[in-house]
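Right, one structure below, let's go through it.
The values are calculated or read from the model by the stated rules, or taken from the named source; none is laboratory data. Everything numeric here is computed off the predicted structure, so don't read it as measured data. Cβ: placed from backbone, ideal geometry, glycine included. Neighbour counts: every protein chain shown.
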Amino acid sequence: MHPHSAAVARSPIRVSAGARPFLLTAPSEPTTPKIARDFVAAVLRNTPLDPLLNTAVLLTSEAVTRSHLRTPRSADILLRLLTAGHGLRISVHDATLVRRPSPAVPPPARPPYDPVAEDADHGLWLTGELADDWGSTPYAGGPRSASLWFELHTGR
């Protein structure tokens with residue numbers, strides 16, 4: 001675990017002997033969400049985790065789209081998928097700046113309505129409603145990168 005995320009409390013997915021990691025790296029392009037959806041569907045189709053496929057694909061699409069909209073095209077987006085017998089964890093990592101507000105600087109005024117930002121917030125709402133667990137943490141890929149992760153469980 002990365003030192004910056006070590007203090008973050010999250011209930012880890014139970015990793016069994018049969019757990020399998022899958023990785024996908026893609027540039028921050030408009031086609032990346034579709035590539036990520038297809039990747040997740042290919043991994044989960046015709047497996048014991050197939051009942052989670054539609055939700056996993058939807059939430060992956062939301063997370064990758066959010067990353068794409070927040071990162072420059074020069075950035076890479078990394079998708080990690082960990083499968084286990086009872087569920088899965090998907091993490092989407094990007095080079096989004098994680099800025100901590102300075103106490104000496106007042107918070108910025110609320111920006112005007114931005115439909116892109118509103119759509120990204122809708123994706124987080126969906127994740128909160130559909131995932132069994134989820135969160136956002138700093139990522140070990142660099143000092144200013146972030147990770148959005150979610151878990152889905154089969155109920156076993």
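Would you check which residues across region 74-107 are modelled with pLDDT of 50 or more and part of a loop (DSSP other than H, G, I, E, B) and list them? Within region 74-107, Ser74, Ala75, Gly85, His86, Ala95, Thr96, Pro103, Ala104, Val105, Pro106 qualify. Would you say Thr71 is at pLDDT below 95, crowded, with 19+ Cβ neighbours inside 10 Å and in contact with a Pro (Cβ under 6 Å, 6 or more places away or on another chain)? When the stated conditions are applied, Thr71 does not pass them.
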